[in-house]
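The values are calculated or read from the model by the stated rules, or taken from the named source; none is laboratory data. Predicted, not measured: the structure shown is a model, and the values here were computed from it. A quick note on method: Cβ atoms are made from the backbone with ideal geometry, for glycine too, and the neighbour counts reach across all protein chains shown. Side chains included, ligands, DNA and RNA excluded: accessible areas come from the protein's heavy atoms. Shrake-Rupley method; radii C 1.70, N 1.55, O 1.52, S 1.80 Å.
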Amino acid sequence: QVQLVESGGGLVQAGGSLRLSCRASGSIFSIQTMRWYRQAPGKGRELVADITPGGATSYTDSVKGRFTISRDNAKYTVYLQMNSLIPEDTAVYYCNADVRRTPISPYSTYWGQGTQVTVSP
């Protein structure tokens, strides 16, 4: 099986920073795109940022210039550096990855359990 475990969430004041990490483990041959989603109370899950194995990135408009996604392919880990946080960033943050478990298996998408980020005014 494959597990994704996030860490780094917490409570921070507006204007502060947090760095989220998500490490994949288990039976892994390769990982394609890795992503960060978030879900605020009473809202749907939103794609925040994604990154390809080669390092190409994309962001939702509301976090451009404030958040940076990166990855360490050797460690099967994706990061989300969040700066200039605002209360509207409060949400549970989930990582997601497209994983191939063997050289001949298709890619399947796996999710982490989520980590809470709370930004106080």
Based on what the data block shows, is SER70 free of Cβ contacts under 8 Å to residues at least 60 places away in the same chain and either out of contact with any strand residue (DSSP E or B) (no Cβ under 7 Å at 6 or more places or on another chain) or part of a strand (DSSP E or B) (or both)? yes
Run down THR52, THR57 and say which single residue is of a type in the set (Ser, Thr, Tyr), more than 10 Å from the chain's Cα centre (by Cα) and closer than 30 Å to PRO121 by Cβ. THR57
Filtering segment 63-80 down to residues that are open to solvent by 60 Å² or more (accessible area, probe 1.4 Å), closer than 29 Å to PHE29 by Cα and not small (Gly, Ala, Ser) yields THR68, ASN73, LYS75, TYR76
Go through (1) open to solvent by less than 40 Å² (accessible area, probe 1.4 Å); (2) in contact with a Phe, Trp or Tyr (Cβ under 8 Å, 6 or more places away or on another chain) one by one and return the number of the condition GLY10 breaks. (2)
Of (1) buried (at least 16 other Cβ atoms within 10 Å of the Cβ); (2) closer than 19 Å to SER7 by Cα, GLN113 satisfies every one except (1)
Here are GLY65, GLY112: which of them is more than 22 Å from GLN13 (Cα to Cα), of a type outside the set (Phe, Trp, Tyr) and out of contact with any His (no Cβ under 9 Å at 6 or more places or on another chain)? GLY112
Output the residues belonging to segment 93-109 that are open to solvent by 40 Å² or more (accessible area, probe 1.4 Å) and either polar (S, T, N, Q) or within 23 Å of LYS43 (Cα to Cα) (or both). THR102, SER108, THR109
Give me a count of the residues in segment 21-57 that are over 10 Å from VAL78 (Cα atoms), among the aliphatic types (A, V, I, L, M) and either open to solvent by 30 Å² or more (accessible area, probe 1.4 Å) or touching a residue at least 60 places away in the same chain (Cβ under 8 Å) (or both). 4
Within segment 1-24, work out how many residues are more than 15 Å from the chain's Cα centre (by Cα) and either part of a strand (DSSP E or B) or within 22 Å of SER108 (Cβ to Cβ) (or both). 5
Spot the failing condition for GLY65; the list is (1) under 18 Å from ARG19 (Cα atoms); (2) assigned to a strand (DSSP E or B), and only one is missed. (2)
